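Read the structure below first, then the notes.
The values are calculated or read from the model by the stated rules, or taken from the named source; none is laboratory data. Computed from a prediction, not measured in an experiment: that's the story for all the values here. Every residue, glycine among them, receives a Cβ derived from its backbone with ideal geometry; neighbour counts consider all protein chains shown. Surface areas here come from the heavy atoms of the whole protein model, side chains and all, with no ligands, DNA or RNA. Shrake-Rupley method; radii C 1.70, N 1.55, O 1.52, S 1.80 Å.
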Amino acid sequence: MTNVEAPQDLQNLFDETIAADQRIEPRDWMPDGYRKTLIRQVAQHAHSEIIGMQPEGNWLTRAPSLRRKAILMAKVQDEAGHGLYLYSAAETLGADRGDLTTKLIEGKQKYSSIFNYPTLTYADVGVIGWLVDGAAICNQVPLCRSSFGPYARAMIRVCKEESFHQRQGFELLATMMRGTEAQRAMVQEAVDRWWWPALMMFGPPDDESPNTEQSMKWRIKRHTNDELRQRFVDMSIPQAEILGVTFPDPDLRWNPERGAHDFGEPDWSEFMDVVRGNGAASVERITNRKAAHDNGAWVRDAAYAFAQRERLAHDRTTGETS
Ligand code: 3HC
């Protein structure tokens, strides 16, 4: 066991652990900034998973068949599970789940911009699976190697489930594309609406991203926002060709010199506006989240009372006081 007492020793041990690509665990010493950055990112991620249940949950009662409904229910429940793993990961950093939820509801913490757009047709369910979960996978697979152990480990299961989400979306769209002219038009219209918001999920351009540089040094993030956005564009184009849809970007073309696709600039003023809470569905999302939290108060109270009773019973049996 290493004998570390002075703060500099602790800092050195932390730096060596990061440099060796080893994991930082909750009981390890870590700089305050590292802890704060992780709580911020993990909490935003958890909020995104929970708020992300709403756009598709909106279609559960109107799914076109029992099969589609069963798939959609499983997917929406998976997102709830992802949120819970992530809140647990945040708790290992000393954050309080109730406090994080309050901050979300009061607009003091963010969640992904993508979930502030409305879902207008059933094709949106397919496009969210294909593009939104596809973008989430692209962003989150590298996070399986994030330097903080509980976050990295949570990401492994999350990514496996996101792969199923992406495939169900693609399969839904492929089915619609084999259908009628109206169904094909519905898919293309949904792709047109979701393409740019999906690119914005990766965050602002690198030169306007205040957190990327430090998060990369700490190996919380393994790639920059622009690197992942490029990867997503390159992987989505062949998939769009197989489906028979196009992306609404006249600047999209293969660049043989870069060995990658060039593409247009997302509307970053729209992004900023949505992040500030002015998206088409922003108010609805937070109102619903608050109502769900308020309606669940009795469950939390009951769980707390049960835990108290168990603790007292344990103390009576053992003679201990906790
Ligand atoms: N939506 C809302 N806010 C965003 C954003 C987005 N798409 N992209 C960036 N931001 C915010 C950042 O949180 C940061 O705000 P803050 O400093 O006030 O906290 C600010 O904009 C500047 O951005 P940075 O690039 O400096 O921030 P990060 O270094 O944190 O990078 C990120 C942003 C790439 C989203 C990174 O936080 C990340 O990889 N997070 C983990 C993944 C995640 O949260 N995904 C959300 C979607 S989850 C999902 O899609 C569920 C699935 O089921 C579909």
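Distance between the C-alpha centres of the stretch 277-322 and the stretch 87-142: 21 Å, rounded to the whole angstrom.
Note on the stretch 45-134: dipole from Cβ charges, positive end direction compared against Pro55, Gln109, Leu84; the farthest Cα belongs to Pro55. Within the listed set Thr180, Thr246, Thr92, the residue fluctuating most in the Gaussian network model of the chain (springs between alpha-carbon atoms under 10 angstrom) is Thr180.
Cβ-Cβ distance of Arg316 and Ala70, R₀ of 51 Å, FRET efficiency by 1/(1 + (r/R0)^6): the value works out to about 0.65. If you wrap the tightest convex hull around every Cα atom of the stretch 11-84 and split its volume per residue, you get 103 Å³. Taking every protein chain into account, the accessible area of the stretch 7-278 amounts to 46 square angstrom per residue (probe 1.4 Å).
Paramagnetic label reach from Asn255 (point 7 Å along Cα→Cβ; backbone nitrogen cut-off under 19 Å): within the stretch 202-237, residues 202-209, 224-237. About its Cα centre, the chain has a charge dipole of approximately 1120 debye under the convention of +1 per Lys or Arg Cβ and -1 per Asp or Glu Cβ, with nothing else charged. For the stretch 125-187, carbon and sulfur atoms together expose 61% of the accessible surface, with a 1.4 angstrom probe and every protein chain in place. With all projection directions averaged, the alpha carbon convex hull of the stretch 280-321 covers 3.5 nm².
Considering only protein heavy atoms and a probe of 1.4 Å, how much of the accessible area of the stretch 280-321 is carbon and sulfur, as a whole percent?
Looking at the stretch 280-321 in its full context, I get 59 percent from C and S.
Have a look at Leu252, Leu228, Trp194 and report the one farthest towards the positive end of the charge dipole of the stretch 185-257, computed about the Cα centre with Cβ charges (Lys/Arg +1, Asp/Glu -1). Value computed over the given set: Leu228. In percent, rounded to a whole number, the relative contact order of the chain is 18, using alpha-carbon pairs under 8 Å and six or more apart.
When the Gaussian network model of the chain links Cα atoms closer than 10 Å, the mean-square fluctuations of Arg276, Arg67, Arg258 top out at Arg258. The angle between the Cα long axis of helix 181-200 and the longest principal axis of the Cα atoms of the chain comes to about 40 degrees, rounded to the nearest 10. Straight-line cross-link partners of Lys69 among the aspartates and glutamates, defined as a Cα under 15 Å from its Cα and at least 8 positions apart when in the same chain: Glu56, Asp78, Asp124, Glu171.
Dipole size of the stretch 280-321 about its Cα centre, with +1 on Lys/Arg Cβ and -1 on Asp/Glu Cβ: approximately 120 debye, rounded to the nearest 20.
When the alpha-carbon atoms of the chain are used, the pair Rg, Dmax equals 21.9, 75 angstrom.
The HN-Hα couplings worked out from phi for the stretch 162-169 by the Karplus form 6.51 cos²θ - 1.76 cosθ + 1.60 (θ = phi - 60°) are 5, 5, 4, 5, 5, 5, 5, x Hz, whole numbers, x standing for Gly and Pro. In terms of accessible area, using a 1.4 Å probe and ignoring ligands and nucleic acids, His45, His165, His293 rank largest first as His293, His45, His165.
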